[in-house]
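The next block holds one structure in the form of structure tokens; read it before the comments.
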Amino acid sequence: MSYKALALQLACQTVNTFQTRDEAEAAMLRTIERLEQQIAASINFIGKDTLLVVVPESFLTGPPLSETTEQWREKAALEIDGRVYEALGAMVQRQQIYFSGNVYEQDAFFPELYFQTSFIMGPNGDVLLRYRRLNAMYTPTPHDVWELYLDAYGYDSLFPVVKTNIGTLACIASDEILFPEVARCLTMRGAEVLLHATADVSSPLVSPKNVAKQARAIENMAYVVSANAGGVIDSPIPSATHNGGSKIIDPRGMILAEAAQGESLAATADIDLAALREFRQRPAAGNLLARQRNELYAQSYAQTSIYPPDTLLSQPAERPHFVRTQQEVIKKLYS
């Protein structure tokens, strides 16, 4: 099977200047209306075989800046059964696509926190997969409440994949593309297409994240569909900071399509599942997945703890805490 995927490069409307939940949700709903127009126009331009659309990190809200965890949760973190998800599901159902984005999300098990969540919706508008970002600098993650999170959801929830008629899909969030273990754990569970919602800092130079996108594709013999912001709206961050370079990369690390700056549908390419599966099943030096010897590394990981788990069980989830924790980790590593 072959179909077209689109890493749709959007200018992301922020909600930082809004004071209330109602104001923020109204802006999110306007973003969804505009997004649907862009998706429909893109499909008409690219072709009706465009079955997968990926949009940037925090496409509905932008990131938290000066807000506390409580303020951001109350203003911008989505309710799992709320009207924003409902509007997204209705949009996806009308467009009959697989759709992946990245949002901030409330969780009833952790009422004082929020999690950054990448999701995949199917053509029926249902959420097929939720991936909670595991590595973040200033926002809560499942690892920060490790024991409680495992009690609530179990270990298998950390690296979800979903089998669909367009391949086995999985999500990677933002700079987690720099952590090879995330992509590898997803691939070990069968992922064939890695959906990467991000907000990369643009540069004419070769950036670490762009190197990592190709590396993750090569290491895991997987497609990477990476959607970056095409600017930010109503933010103190300069709009050109996060602007451009959305791309689709094939399992050999070749960039099939790449957007320049601004809003763009240029990052579209064919996903050839038959070729991918043949590539993975062919004995060869380049079949890196078939050559993995995981036992070699398991003990090193098991006996080495770097960033500690459960740090939010007794501390508020605010920026000073995350900075202090990283300082302590660095001291332990290099003292």
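The values are calculated or read from the model by the stated rules, or taken from the named source; none is laboratory data. All figures in this text were calculated on a predicted structure; none of them were measured in a lab. Here Cβ is always computed from backbone atoms with ideal geometry, including for glycine, and neighbour counts include all displayed protein chains. SASA here: full protein model, heavy atoms, side chains in, ligands and nucleic acids out. Shrake-Rupley method; radii C 1.70, N 1.55, O 1.52, S 1.80 Å.
The set of residues in the stretch 100-120 being open to solvent by less than 30 Å² (accessible area, probe 1.4 Å), among the aliphatic types (A, V, I, L, M) and either at positive phi or not in a strand (DSSP E or B) (or both) consists of Leu113 alone. For the stretch 52-81, a tally of residues being in contact (Cβ under 8 Å) with a residue 12 or more places away in the chain and assigned to a loop (DSSP other than H, G, I, E, B) returns 17. Suppose the filter is of a type in the set (S, T, N, Q), closer than 19 Å to Ile237 by Cα and either surrounded by 17 or more Cβ atoms within 10 Å (Cβ to Cβ) or modelled with pLDDT of 95 or more (or both); does Thr61 pass it? So Thr61 fits the description; yes. Within the stretch 14-44, the residues that satisfy the criterion of being of a type in the set (Ser, Thr, Tyr) and under 19 Å from Gly231 (Cβ atoms) are Thr14, Thr17, Thr31, Ser42.
Listed by first and then second residue, the pairs linking a residue in the stretch 267-285 that is within 30 Å of Gly230 (Cβ to Cβ) and at pLDDT 95 or above to a residue that is in a loop (DSSP other than H, G, I, E, B) and open to solvent by 70 Å² or more (accessible area, probe 1.4 Å), with Cβ atoms under 9 Å apart and 6 or more places separating them unless they lie on different chains, are Ile271/Met1; Asp272/Met1; Leu273/Met1. Answer yes if at least one residue in the stretch 20-37 is among the small types (Gly, Ala, Ser), open to solvent by 10 Å² or more (accessible area, probe 1.4 Å), closer than 22 Å to Pro236 by Cα and at pLDDT below 95, and no otherwise. No.
Note on the stretch 302-335: residues that are open to solvent by 70 Å² or more (accessible area, probe 1.4 Å), within 25 Å of Arg189 (Cβ to Cβ) and in contact (Cβ under 8 Å) with a residue 12 or more places away in the chain amount to 2.
Entry remark, the stretch 220-263: residues being at pLDDT 95 or above, open to solvent by less than 40 Å² (accessible area, probe 1.4 Å) and not in a loop (DSSP other than H, G, I, E, B) number 10 in total.
Of all the residues in the stretch 137-152, those that are touching a residue at least 24 places away in the same chain (Cβ under 8 Å) and open to solvent by 30 Å² or more (accessible area, probe 1.4 Å) number 7. Give all pairs with beta carbons closer than 7 Å in which a residue from the stretch 184-213 that is without any contact (Cβ under 8 Å) to a residue 60 or more places away in the chain and within 21 Å of Glu263 (Cα to Cα) meets a residue that is assigned to a helix (DSSP H, G or I) and open to solvent by 60 Å² or more (accessible area, probe 1.4 Å); count only pairs at least 6 apart in sequence or on separate chains. Pairs found: Lys209/Leu178. Hey, does the stretch 91-99 have a residue that's among the hydroxyl-bearing types (Ser, Thr, Tyr), touching an Asp or Glu at 6+ places or on another chain (Cβ under 8 Å) and open to solvent by 20 Å² or more (accessible area, probe 1.4 Å)? No: the stretch 91-99 contains no residue that is among the hydroxyl-bearing types (Ser, Thr, Tyr), touching an Asp or Glu at 6+ places or on another chain (Cβ under 8 Å) and open to solvent by 20 Å² or more (accessible area, probe 1.4 Å). Considered as a group, the residues in the stretch 74-87 that are out of contact with any strand residue (DSSP E or B) (no Cβ under 7 Å at 6 or more places or on another chain) and closer than 25 Å to Leu195 by Cβ include one that is most open to solvent (accessible area, probe 1.4 Å), and that residue is Asp81.
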